[in-house]
Amino acid sequence: MQKRVLLSILLIAILSACGIRSAFILKKTTPPELNEKTVVLNYIENRSAIILPVKINNKKYRFVYDTGAQATLISKEIMPRLPADRDDISLKKKSHINITDVRNSVQKLKVSVLDSLQLSPDLTYTGVGVLVYDFNKTPAFSCIQIDGVIGTNVIRQNNWKIDFDNHKVEVSGLEKEVKKTDKTIALPFSQDHRGVPYVDLFMNETEQQFMVDIGKNSDLISLSSELPFDEYQHKTVGHSSFGLFGKNKQDTITYGSANLTDSAQFEIKNIRLTHATHTHSLIGVGFLHKFYHTATFDYKNNQILLEKKENVNREIMNYPVSVMVGKNNLTISSKDINLSDIQIGDTVVGINKVDYDGSNTCELVEEVKNSRKNGNPIILRIKRLGVMSEFTFSLYPISNPFVPLKK
């Protein structure tokens with residue numbers, strides 16, 4: 001199980017049982033008039049998530065850019081009060097709505113409207129319909145430190161070029177022609193009624209539909225549980241990923257490889273993927289970052305333009321366990337199916353040379369991240385029923401069996 005999946009955003013807000021008025025509010029956004037202008041934004045990368053600085057009422061915040069979020073979300077803590085004299089929208093008549101996240105968890109969230117959402121002086125969206133959510137309820141977000149999510153009601157108003165190498169996003173109006181080169185790969189996509197992009201690809205010569213979800217930070221492609229897949233290398237058990245409202249139920253996750261193509265230019269052989277309980281098959285930002293220099297979402301022509309990297313190492317290195325952030329602790333969230341000395345939910349009291357003191361959760365998460373980045377083993381100190389144990393885990397390629405456990 002990848003450590004990146006520990007903090008996967010996966011902010012897919014699916015409207016269910018909502019009134020017509022609330023659905024209309026959430027679709028509302030007035031974009032700026034860019035004409036032929038292109039606005040360049042610098043973004044912060046945190047565990048592959050694209051975080052853009054925004055201003056609301058002249059205060060700075062951090063929002064995740066997420067093509068899989070079917071509505072823009074804003075933290076309950078920073079939601080400004082709407083002026084009392086607003087009479088264009090009556091939020092009192094329908095102020096809440098049931099939302100289902102990608103893990104099929106349901107909560108009732110407040111529906112509201114932002115007067116303005118500013119990404120730069122030249123890029124201000126007005127009258128933005130939003131959902132209000134208390135991100136503190138989901139501990140997995142604590143180490144990413146976000147205040148909101150930019151969803152498709154904003155994103156689909158413009159074209160967006162993501163430059164992964166330079167951590168920049170170029171935003172242009174739909175009327176401006178998107179530039180291509182002879183090396184550009186054009187991948188057509190369709191939009192659902194809320195603007196989420198889907199691409200049709202062939203996986204091992206069988207056509208499948210994949211949601212392109214920039215909120216999903218794993219570099220592994222996720223296959224829907226509705227699709228058969230028997231060509232796996234190994235299995236893990238536990239929590240495969242996290243939705244807006246937290247962890248999913250325990251699941252069995254299989255890891256394998258496949259060839260992915262479309263009918264024209266797009267072809268990647270022997271890519272790594274996971275198969276678990278997903279409603280949709282997903283391609284996330286980690287995958288695009290790994291294989292491409294840039295990805296341009298052209299919403300006028302419904303296509304993703306890709307600039308491919310050469311000689312990318314397709315192998316993905318893994319630890320046979322992963323940890324998750326709780327409200328006041330760290331616990332084991334998944335493990336290789338053959339590991340018998342560790343259980344899901346075991347308390348992690350230390351990683352490498354850092355002990356958990358009740359306030360340094362994010363420091364321990366960084367220990368895992370840096371160890372993985374540098375190719376080093378991790379040392380986990382685990383407590384179960386008052387008994388302390390220490391384990392050392394090495395990275396291993398997911399296409400092979402995991403390295404034997406050393407106590």
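Could you provide, to the nearest whole Å², the per residue accessible area of the chain with probe 1.4 Å?
Values: 17820 Å² over 407 residues.
The answer is 44 Å² per residue.
Cβ neighbours within 10 Å, averaged per peptide: list 371-381, 121-131 in order, most packed at the top.
In decreasing order of mean packing, 371-381, 121-131 become 121-131, 371-381.
Taking springs between alpha-carbon atoms closer than 10 angstrom, which of Q208, Q107, Q265 fluctuates most in the Gaussian network model of the chain?
Its mean-square fluctuation being the largest, the pick is Q265.
Using the basic label-point model (7 angstrom from Cα toward the beta carbon), what is the N400 to D355 distance in nanometres?
My value for the distance between the label points is 3.6 nm.
Once the piece of chain linking N374 and C362 is laid out straight, how much longer is it, given 0.36 nm per residue of separation minus the C-alpha distance between them?
Working: separation 12, 0.36 × 12 = 4.32 nm, distance 1.81 nm.
Working it through step by step, the gained length comes to 2.5 nm.
Along the stretch 312-322, what does the Karplus equation 6.51 cos²θ - 1.76 cosθ + 1.60 (θ = phi - 60°) give for ³J(HN,Hα), rounded to whole Hz, x for Gly and Pro?
Couplings: 7, 6, 7, 5, 10, 8, 9, 9, x, 9, 9 Hz.
Would you please name the GluC sites (Glu not before Pro) within the stretch 274-370 that are DSSP coil residues with at most 11 other C-beta atoms within 10 Å of their C-beta?
Within the stretch 274-370, the qualifying GluC sites (Glu not before Pro) (loop, at most 11 other Cβ atoms within 10 Å) are E310.
Tell me the mean residue ellipticity at 222 nm calculated for the chain from its helices only (DSSP H runs of n ≥ 4, each -39500 (n - 2.57), averaged over every residue, nearest 500).
Value at 222 nm, helices only, nearest 500: -2500 deg cm²/dmol.
In terms of modelled amide H atoms, which long-range or inter-chain residues lie less than 5 Å from the amide H of N318?
Amide H to amide H, under 5 Å and 5 or more residues apart or across chains, N318 pairs with Y396, I398.
Could you give the C-alpha radius of gyration of the stretch 256-407 expressed as a fraction of 2.2 N^0.38 Å, taking N as the number of residues it contains?
Relative to the 2.2 N^0.38 Å estimate, the stretch 256-407 comes out at 1.27.
If one computes the Cα centroid of the stretch 198-222 and of the stretch 270-339, what distance in Å separates the two points?
10 Å
I need the phi-derived Karplus couplings for the stretch 251-259: 6.51 cos²θ - 1.76 cosθ + 1.60, θ = phi - 60°, integer Hz, Gly and Pro marked x.
Those phi angles translate into 8, 9, 10, 9, 10, x, 9, 7, 9 Hz.
With all distinct Cα pairs included, what does the Kirkwood hydrodynamic radius of the stretch 159-299 come out to in Å, to one decimal, could you say?
16.3 Å
Given a 1.4 Å probe and every protein chain left where it sits, what share in percent of the accessible area of the stretch 233-325 is carbon and sulfur? Before the final figure, lay out each step's value.
Values: 1370 of 3200 Å².
That share works out to 43 percent.
Bin by bin, in steps of 20 Å, what percent of the Cα pairs in the chain do you find, going until the bin that has the longest distance?
27, 57, 16, 0
Looking only at A186, A69, A49, which one moves most when the chain is put into a Gaussian network model with springs between Cα atoms under 10 Å?
A186
Work out, step by step, the length gained on full extension between S389 and K183: first 0.36 nm times the residue separation, then minus their alpha carbon distance; give nm to one decimal.
This chain segment gains 68.9 nm when fully extended.
Using Cα-Cα distances under 8 Å and only pairs 6 or more residues apart, what relative contact order does the chain have, in percent?
Relative contact order, the chain: 18 percent.
Within the stretch 104-190, what whole-number % of the accessible surface is contributed by carbon and sulfur, with the 1.4 Å probe and all protein chains included in the calculation? Before the final figure, lay out the partial values.
Values: 1560 of 3580 Å².
Whole-percent figure for carbon plus sulfur exposure: 44.
The values are calculated or read from the model by the stated rules, or taken from the named source; none is laboratory data. These numbers were taken from a predicted model, which means no experiment stands behind them. Cβ sites come from the backbone with ideal geometry, for glycine too, and all protein chains shown count toward neighbours. All accessible areas refer to the heavy atoms of the entire protein, side chains included, with ligands and DNA or RNA removed. Shrake-Rupley method; radii C 1.70, N 1.55, O 1.52, S 1.80 Å.
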